[in-house]
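A.B. asks: Before I ask anything, here is the structure I am working with.
None of the figures in this text is laboratory data; all of them are computed from the coordinates on show. Remember, predicted model here, so these are calculated numbers, not experimental data. We place every Cβ from the backbone using ideal geometry, glycine too, and count neighbours over all the protein chains shown.
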Amino acid sequence: MLELPIAESVETRKKRPDWLRVKLPIGEKYKHVRNLVDEYNLHTICQSGNCPNMGECWGAGTATFMILGNTCTRSCSFCAVKTGRPTEYDTDEPRRVAEAIFLMQIKHAVITSVNRDELKDRGAEIWYQTVRAVKEVSPQTTIETLIPDTKGNWEALERMISAGQEVVSHNMETVKNLYRRVRPQAKYERSLEQIQRIKSYGKRTKSGIMVGLGETPEEVFQIMDDLLAHGCDVLTIGQYLQPTKMHLEVAEFIHPDTFAMYRQVGLQKGFPYVESGPLVRSSYHAERHV
């Protein structure tokens, strides 16, 4: 089968290791998912975020839907999603997402969104209505919601996660020392508090980080400890890949053996589940995290 190197960018100046290759997206299931996404005028983080696993996931009949438009109010230096002032607020979107999930016969759905800092409720109402719509149409489908930072709006957070989803994820993205470079509009402690509050509502909690940005193993171990102290159940660790010339360059391609070590350390520290590998992303194998 043909193989395709991931997301061409400035990274190509460095020698790309062989383990960072993915299969070309092909097959009837892939075409079916793509047609549904287009027909229902939906966004996916798979496309907007240049996810390397799109071929595998869509080929298996799954996708991570991205609600509240395709323009983010944040300007994180790692993310391929377009930054700007959003104009889209589509109250019919929850229905279309629910119908697409029903037609795809998804057993476990993953939904995420852009940041909508300009909205008083951070988009919480659309979040609530989307999860409710999916549960009404597909009551047997379990749901993971990968939610943004609510900037300390805890009422908005409660509304976002109170519609019946089984897993609530909020990504830390990187170690504390790199926050100003990687997530300039976010705060390390605030994201930890958000995860702790999600746990207090009785949800299964999840977070993800990228490596290869210049962090040390000791800093990775520290964020593991911080996440566990704030009630995180599931941790994902993947390789950072530079999406465009405008984004941070890759500092290092982390060897698969190091990812295996991180997984083992995370389990020893007390995480019930750790997904760790070069191509791991937040929603990769998400059905295993319920």
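A.B. asks: When N is the residue count of region 118-202, what does its C-alpha Rg come to as a fraction of 2.2 N^0.38 Å? Don't skip to the answer; put the middle values down first.
C.D. replies: Details: Rg = 13.7 Å, N = 85, 2.2 N^0.38 = 11.9 Å.
Output field value: 1.15.
A.B. asks: Would you mind checking which residues have amide H under 5 Å from L146's amide H? H placed 1.01 Å from N; only 5 or more apart, or other chain.
C.D. replies: Excluding prolines and chain starts, which carry no amide H, the hits are I111, T112, S169.
A.B. asks: Is there a quick way to get the dipole size of region 192-279? I mean about its Cα centre, with the Cβ of Lys and Arg at +1 and of Asp and Glu at -1; what is the value in debye to the nearest 20? Write out the running numbers ahead of the final one.
C.D. replies: Numbers: 8 positive and 11 negative charges, 105 e Å.
In total the dipole reaches around 500 debye.
A.B. asks: While we're here: Taking the Cβ-Cβ separation of R181 and K15 as r and a Förster radius of 35 Å, what is the calculated FRET efficiency to the nearest 0.05?
C.D. replies: Efficiency, from the Cβ-Cβ distance: 0.90.
A.B. asks: One-quarter of the Cα convex hull surface for region 130-176, in nm²?
C.D. replies: Computing the convex hull of the Cα atoms and averaging its projections yields 3.8 nm².
A.B. asks: Given 0.36 nm per residue, what is the gain on full extension from A229 to K151 after removing their alpha carbon distance, in nm? Don't skip to the end; give the middle numbers.
C.D. replies: Details: separation 78, 0.36 × 78 = 28.08 nm, distance 2.05 nm.
Going from the current span to full extension adds 26.0 nm.
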